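A quick write-up on the structure given underneath.
Please treat every number below as a calculation from the coordinates, not as lab data. This is a predicted model, so every value here is computed, not measured. Every residue, glycine as well, gets a Cβ built from its backbone with ideal geometry; the counts of neighbours run over all protein chains shown.
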Amino acid sequence: MSGHGTPIPMTSRRGGPLKGTAEVPGDKSISHRALILGAMAVGETKITGLLEGQDVLDTAAAMRAFGADVQHLGPGEWQVHGVGVGGFAEPAQVIDCGNSGTGVRLIMGAMATLPITATFTGDASLNKRPMGRVTDPLALFGARAYGRQGGRLPMTIVGAADPVPVRYALPVASAQVKSAVLLAGLNAPGETVVIEREATRDHSERMLAGFGAGLRFEDTDEGRAIILTGQPELTPQTVAVPRDPSSAAFPVCAALIVEGSDILVPGVSQNPTRNGLYTTLVEMGADIAFQNPREEGGEPVADLAVKFSSLKGVEVPPARAASMIDEFPVLSVVAALAQGTTTMRGVKELRVKESDRIDAMARGLEACGVRVEEDEDTLIVHGTGPDGVPGGGTCATHLDHRIAMSFLVLGLAAQKPVTIDDASPIATSFPAFEGLMAALGASITRPNR
Ligand code: S3P
């Protein structure tokens, strides 16, 4: 769904400690993949715990447009009657992926090796983001892309009628690109090979294997090769979506910086390709207990018990960046309330997310009295200690849900309230954020309320 309607400003301010249990929504990455693979299997896939954020709802609508029957059965409970690998119909309308880079890039991959044409668009944020990183490898399969300058949406993909398999070494550490190539490889004959130098989230590999695709892995001089055997018949699955570690990051970080807080965040995915933030927080001195570790829906999960902590600044190694790529905004908030400097290098991918997240965080932190340094690939935050952030700023969120939630977390610990210009993008990934934070005791208000 494009456009976000009227902006919704919001203000957060200091109050009492955060207490209670925060049940965060299902994982966004896994939710997109469950709908797409469900649509590519023959028969009925059941999904529980699906994130019902706008990004995922847009992917559900897209799967319907390609011919799958997608039913909402109850809260988080969905059923997809898939059309099989190679079974997508040509959509009659433009596919609107709203704010979601994952949605559009994965769906482009899934349709690019079929003899159909589809046109994709999104909101003002998505239509600025680069698609060449996906259309370049899709062209190797034989697909053609016609977009705006710089490879931007709106864009039409003419799928390859006679696709050839591809061997592709990823030029950027991107799970979206890796997944688009693997999904395209599903409908190509022979073996499609994707090679990644740095590990990125592996939900597609886990889920493809779960749906019965032939996958194997090899270590090569160029990196780890993922080898997919094309044209499998995918078997429908029951997918239990674990809770999203990227959404959990907001209540977790809020509890760490609001004095006296003590919260529980149950059932959060601990997939090692996603948990770089938690490793970093523990290095900073965070009091987080990872309780009751177990497996749910093919992913490791744990209950996180989190208490207010005295934190110190750290160097985040660039090799960890991919495993916490969506968490740098909220980490930079925590860093502002730590003692000493936190250095984040190797983070230039942040510049092409829903917004330029290095710029958005640097400007908003400065508006709240925090000293930052940045270059193309680096963000450095000079921490002021738990009581040292002046706050009082108004921060621009640039249609970016994670920027919006990060600055609302900052306001809970800053000396003066922090206002964001628009909270509406939060609905893309975490529609229950406002209510969940209020239930913990956070003071987050809309004007005139
Ligand atoms: C995602 C991959 C990441 C991440 C995004 C979700 C995914 O993007 O930032 O929010 O589900 O594959 P990149 O793959 O472009 O790094």
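Quick one: which residues, 5 or more positions from Val301 or on another chain, have an amide H under 5 Å from its amide H? H modelled 1.01 Å from N in the peptide plane, none for Pro or chain starts.
Those lying under 5 Å, H to H, from Val301 are Gln270, Arg294, Glu295, Glu296.
Which three semi-axes in whole Å describe the equivalent ellipsoid of segment 162-315, each the square root of 5 times a Cα gyration tensor eigenvalue, listed largest first?
Working through the eigenvalues yields semi-axes of 36, 18, 11 Å.
Quick one: putting +1 on the C-beta of Lys and Arg, -1 on the C-beta of Asp and Glu, what dipole do you get for the chain around its Cα centre, in Debye to the nearest 20?
Details: 38 positive and 50 negative charges, 126 e Å.
About 600 debye.
Starting from one equal scatterer on each C-alpha and no solvent at all, send me the Debye-based log10 I(q)/I(0) for segment 160-246 at q = 0.14 Å⁻¹, two decimals.
Cα-only, vacuum Debye calculation for segment 160-246: -0.49.
Hey, fewest Cβ within 10 Å first, where do Cys368, Cys97 land in order? Intermediate results must be reported in sequence, preceding the final value.
Values: Cys368 22, Cys97 27.
Result, fewest neighbours first: Cys368, Cys97.
Just want the answer: with Cβ charges of +1 for Lys and Arg and -1 for Asp and Glu, which residue in Ser125, Leu311, Ala180 is farthest toward the dipole's positive end in the chain?
About the Cα centre, the residue reaching furthest to the positive side is Ser125.
What distance in nm separates the two pseudo spin-label positions at Glu373 and Arg197, each 7 Å out from Cα along the beta-carbon direction?
In this crude spin-label approximation the distance works out to 2.6 nm.
Evaluate the charge dipole of segment 1-157 about its Cα centre and quote only its size in Debye, nearest 20, assuming +1 on the Cβ of each Lys and Arg and -1 on the Cβ of each Asp and Glu. All intermediate terms of the calculation are to be shown ahead of the outcome.
On the way: 14 positive and 12 negative charges, 140 e Å.
Dipole magnitude for segment 1-157 comes out near 680 debye.
Suppose every K and R has +1 on its Cβ and every D and E has -1 on its Cβ; what is the size of the dipole of segment 134-199 about the Cα centre, in Debye to the nearest 20?
Working: 6 positive and 5 negative charges, 50 e Å.
So the magnitude is around 240 debye.
Calculate the radius of gyration of the Cα atoms of segment 89-156 to one decimal place, then report Dmax, the largest Cα-Cα distance, as a whole number, both in Å.
In Å, with Rg to one decimal and Dmax whole: 10.8, 29.
Could you grab the relative contact order for segment 252-368? Cα pairs under 8 Å, six or more apart, rounded to a whole percent.
RCO, segment 252-368: 27 percent.
Given Cα pairs under 8 Å that are at least 6 residues apart, what percent is the relative contact order of the chain? Provide the component values of the computation, followed by the final result.
Numbers: 1191 pairs, mean separation 88.5, N = 449.
Taking the mean separation of contacting Cα pairs over the length of the chain, I get 20 percent.
If we restrict to alpha carbons, what Rg and Dmax does the chain come to, in Å?
When restricted to Cα atoms, the chain yields Rg and Dmax of 21.2, 63 Å.
Run through segment 325-394 and list the GluC sites (Glu not before Pro) located in a DSSP loop whose Cβ has at most 16 other Cβ atoms within 10 Å.
Values: sites: Glu327, Glu349, Glu354, Glu366, Glu373, Glu374, Glu376; in loops: Glu327, Glu354, Glu376.
Listed in order of number, the matching sites are Glu376.
Whole number please: convex hull volume per residue, Cα atoms of segment 27-126, in Å³.
On the way: hull volume 7.9 nm³, N = 100.
With only Cα atoms used, segment 27-126 gives 79 Å³ per residue.
Apply the Karplus parameterisation 6.51 cos²θ - 1.76 cosθ + 1.60, with θ equal to phi minus 60°, to every residue of segment 53-62 and state each ³J(HN,Hα) to the nearest whole Hz, in sequence, with x for glycine and proline.
Values per residue, Gly and Pro as x: x, 4, 4, 6, 4, 5, 5, 4, 5, 5 Hz.
Which of the pairs Lys19/Lys416; Lys19/Lys128; Lys307/Lys416; Lys128/Lys312; Lys46/Lys348; Lys312/Lys416 have their Cα atoms more than 30 Å apart in this structure? Could you put the intermediate results ahead of the total?
Numbers: Lys19/Lys416 22 Å; Lys19/Lys128 40 Å; Lys307/Lys416 23 Å; Lys128/Lys312 36 Å; Lys46/Lys348 37 Å; Lys312/Lys416 22 Å.
Cα-Cα > 30 Å for Lys19/Lys128; Lys128/Lys312; Lys46/Lys348; rest within.
Return the percentage of antiparallel bridges among DSSP beta bridges fully within segment 304-381, rounded to the nearest 5 %. Intermediate values should be presented prior to the final figure.
Numbers: 8 of 11 bridges.
Bridges in segment 304-381 that DSSP calls antiparallel: roughly 75 percent.
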